[in-house]
Number of protein chains: 2
Amino acid sequence: MTGGKGLFYLNYALTHRMHAIAVSKGALVVEGKKLINLAHQHNKKLFFSGATAAALPTVDLFEYNLAGCQILEIEGVFTGTTNFILNDMLQHECAFAESLEKAQAKGIAEPNSSFDVDGWDTAAKITILANTVLGAEVKIQDIPRQGISHVTADHIRDWKKENLIPRLVGFIHIKNQQIQTGVELRLVPANHPFAHLQGSNKCIRVLTQEMGELVVSGGASAPLATAAAALKDFELMLKTGC
Amino acid sequence: MTGGKGLFYLNYALTHRMHAIAVSKGALVVEGKKLINLAHQHNKKLFFSGATAAALPTVDLFEYNLAGCQILEIEGVFTGTTNFILNDMLQHECAFAESLEKAQAKGIAEPNSSFDVDGWDTAAKITILANTVLGAEVKIQDIPRQGISHVTADHIRDWKKENLIPRLVGFIHIKNQQIQTGVELRLVPANHPFAHLQGSNKCIRVLTQEMGELVVSGGASAPLATAAAALKDFELMLKTGC
């Protein structure tokens with residue numbers, strides 16, 4: 001991940017008296033904090049709802065809904081593809097490869113699935129949130145990272161017996177101003193907010209000092225939803241970008 | 001509900017070149033749409049996160065997270081007190097009066113509980129959302145309204161046998177540009193997003209054309225959270241209120 005042309009365009013816009021909207025992750029993973037600082041320096045704004053889970057509000061939560069709150073924990077199921085595969089394995093008690101094929105046939109998983117199933121996509125979103133929302137300096141390659149490709153039908157059967165649901169969870173915990181990040185396969189009980197996520201849905205859970213816990217779910221992966229997220233950013237730019 | 005002094009202060013502020021923040025419902029239930037129009041006329045903004053479920057984002061969702069989306073349905077568990085009572089009845093299979101007493105002893109329910117348990121509080125929030133967010137002209141007294149005081153321990157036992165969870169739900173459905181509103185006691189299955197709401201938590205579910213379904217839960221009733229919602233509005237005022 002290098003940031004590619006997106007990084008060039010965002011740099012260009014922000015240094016030439018333009019606000020900017022990003023919908024892809026690359027540039028933000030590599031240079032998220034620098035881009036935010038650049039925007040501040042030039043009194044412009046960088047919007048990127050579409051880059052971190054699109055139709056599921058993530059960045060917005062911190063900017064608007066929880067403005068002024070002290071963030072203690074951020075956790076989420078940020079990758080629709082892995083959630084779809086785990087749900088399919090749970091339903092059919094089948095092998096990982098079989099559910100992955102189904103996800104690819106439906107166009108949910110990419111032909112090269114490593115970015116999703118090995119936890120890179122979740123780690124990318126955690127990197128962006130940590131560096132842009134919390135001002136950290138996390139590098140994606142330093143995030144402890146698990147994937148889901150080692151999960152077998154036997155695992156699934158054992159977990160179901162204990163009423164545990166597997167979820168690929170990305171997290172940021174903040175304690176004594178220290179930030180801890182990770183991507184891990186977690187087994188959650190049936191009454192956990194992540195347990196009931198259908199299909200390729202996503203979910204974010206934020207714990208704050210002042211407003212307690214907030215859980216947002218939805219945002220099934222869909223091109224229309226990503227386009228709507230970019231349009232939303234454009235509308236907010238018109239509203240707030242004086 | 002007359003709007004009382006709150007209505008006087010909001011009117012005064014918005015007509016005298018001030019933005020305004022409301023944290024109580026009265027004025028908005030009675031004159032919500034008029035106040036929004038008044039703010040527009042004077043190029044000022046009216047903020048009221050604290051007035052519709054406080055720490056649970058409701059108004060914010062439409063203003064920011066779903067900006068530009070076409071809203072099809074809004075539904076929610078908007079009253080923490082009734083949720084606490086129903087959860088307590090579910091847990092202990094006891095009579096309504098017993099759980100209400102517990103809620104009063106904990107300071108969750110008011111000594112005069114009718115506003116909450118007869119559905120008026122939920123109807124008030126539905127009125128505010130319909131009139132301010134959707135531009136409707138709903139009168140609180142016209143909303144078909146159920147409460148929870150008729151629920152018995154026998155009901156609870158029967159519903160548990162069928163794995164159904166009772167929730168007091170306020171809703172706004174939009175079809176062919178017609179708005180339908182109501183407050184009803186609804187029995188939801190165990191995998192419904194409203195089923196797992198603990199204690200006095202609240203939840204809102206929004207269905208949109210472009211971004212599908214969004215479900216937000218959290219925001220347990222607490223004075224600190226309401227104060228934080230007002231401070232959040234103040235921060236957003238500084239950010240967006242040019």
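The values are calculated or read from the model by the stated rules, or taken from the named source; none is laboratory data. No experiment lies behind these values; they were computed from the predicted model shown. We place every Cβ from the backbone using ideal geometry, glycine too, and count neighbours over all the protein chains shown. Calculation scope for accessible area: heavy atoms of the full protein, side chains included, ligands and nucleic acids excluded. Shrake-Rupley method; radii C 1.70, N 1.55, O 1.52, S 1.80 Å.
For (1) among the hydrophobic types (A, V, I, L, M, F, W, C); (2) under 23 Å from residue A:239 (Cβ atoms); (3) touching a Gly at 6+ places or on another chain (Cβ under 7 Å); (4) buried (at least 19 other Cβ atoms within 10 Å of the Cβ), each residue gets a yes or a no:
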site	(1), (2), (3), (4)
B:39	yes, yes, no, yes
B:46	yes, yes, no, yes
B:51	yes, yes, no, yes
B:57	no, yes, no, yes
B:62	yes, yes, no, yes
B:81	no, no, no, yes
B:116	no, no, no, yes
| task | Would you be able to tell me the number of residues in region B:152-184 that are open to solvent by 60 Å² or more (accessible area, probe 1.4 Å) and within 14 Å of chain A (Cβ to nearest Cβ)? | result | 1
| query | Which of (1) within 30 Å of residue A:43 (Cβ to Cβ); (2) within 7 Å of chain A (Cβ to nearest Cβ) does residue B:234 not meet, given it meets every other one? | reply | (2)
| query | When region B:185-202 is examined, which residues are found to be facing chain A (nearest Cβ under 9 Å) and open to solvent by less than 30 Å² (accessible area, probe 1.4 Å)? | reply | B:195
| Would a scan of region B:145-167 turn up a residue that is closer than 30 Å to residue A:62 by Cβ and touching a residue at least 40 places away in the same chain (Cβ under 8 Å)? | yes
| field | Which listed residue is touching a helix residue (DSSP H, G or I) at 6+ places or on another chain (Cβ under 6 Å), touching a residue at least 24 places away in the same chain (Cβ under 8 Å) and not in a loop (DSSP other than H, G, I, E, B), from A:50, A:6 | value | A:50
| query | Among (1) open to solvent by 20 Å² or more (accessible area, probe 1.4 Å); (2) without any contact (Cβ under 8 Å) to a residue 12 or more places away in the chain, which single condition is residue B:67 missing? | reply | (1)
| said: Looking only at region A:54-95, count every residue that is within 12 Å of chain B (Cβ to nearest Cβ) and over 16 Å from residue A:169 (Cβ atoms) and tell me the total. | reply: 15
| task | Only one of these is over 23 Å from residue B:48 (Cβ atoms), touching a helix residue (DSSP H, G or I) at 6+ places or on another chain (Cβ under 8 Å) and among the charged types (D, E, K, R): B:210, B:137, B:162, B:184. Name it. | result | B:210
| Residues B:102, B:34: which one is closer than 30 Å to residue B:156 by Cβ and either open to solvent by 10 Å² or more (accessible area, probe 1.4 Å) or modelled with pLDDT of 95 or more (or both)? | B:102
| query | Any idea how many residues of region A:208-228 are more than 7 Å from every other protein chain (Cβ to nearest Cβ), more than 15 Å from the chain's Cα centre (by Cα) and open to solvent by 10 Å² or more (accessible area, probe 1.4 Å)? | reply | 3
| task | Read through the list (1) in contact with a strand residue (DSSP E or B) (Cβ under 9 Å, 6 or more places away or on another chain); (2) farther than 18 Å from residue A:197 by Cα; (3) open to solvent by 20 Å² or more (accessible area, probe 1.4 Å); (4) not in a helix (DSSP H, G or I), then give the number of the only condition that residue A:149 fails. | result | (1)
| message | So, residue A:128, is that one touching a residue at least 40 places away in the same chain (Cβ under 8 Å), surrounded by 21 or more Cβ atoms within 10 Å (Cβ to Cβ) and in contact with a strand residue (DSSP E or B) (Cβ under 8 Å, 6 or more places away or on another chain) or not? | response | no
| request: Would you please list the contacts, defined by Cβ atoms under 8 Å and residues six or more apart or on different chains, that run from a residue in region A:101-120 that is in the same structural domain as residue A:143 (by TED's automatic domain parsing) to a residue that is open to solvent by 50 Å² or more (accessible area, probe 1.4 Å) and not in a loop (DSSP other than H, G, I, E, B)? | output: A:110/A:104; A:111/A:104; A:113/A:104; A:114/A:120; A:118/A:145; A:119/A:145; A:120/A:145
